[in-house]
Amino acid sequence: MEKYVCNICGYVYDPEQGDPDVGISPGTTFTDLPDDWICPICGSGKDEFVIE
């Protein structure tokens, strides 16, 4: 699975880990994240992420 990096802070979204702090299960692809999901570090939207 592809990882996505936040252009603002460098946070890496890893689909194999998900984002359990907000209920995103491991195995959730970036494209399957809710539209209102935000970077857990800086609060940026999905549009600030690029494929690593």
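The values are calculated or read from the model by the stated rules, or taken from the named source; none is laboratory data. As the structure is a prediction and not an experimental result, all values here were calculated from the model. For neighbour counting, all protein chains shown are included, and Cβ atoms are generated from backbone atoms with ideal geometry for every residue, glycine included. Remember, those area values only see protein heavy atoms, side chains included, never the ligands or the DNA or RNA. Shrake-Rupley method; radii C 1.70, N 1.55, O 1.52, S 1.80 Å.
A few points about this structure:
- What you get for the chain, charging only the Cβ of Lys and Arg (+1) and of Asp and Glu (-1), is a dipole of about 80 debye around the Cα centre.
- Approximating the spin labels as points 7 Å out from Cα along Cα→Cβ, the residue 32-to-residue 12 distance works out to 2.1 nm.
- Accessible surface, the chain, averaged per residue in Å² (probe 1.4 Å): 64 Å²
- If you bin all the Cα-Cα distances of the chain at 5 Å, starting from zero, the percentages per bin are 5, 23, 37, 28, 7.
- Near the amide H of residue 19, within less than 5 Å, lie the amide hydrogens of 24, 25, all on another chain or at least 5 residues away, with H placed in the peptide plane.
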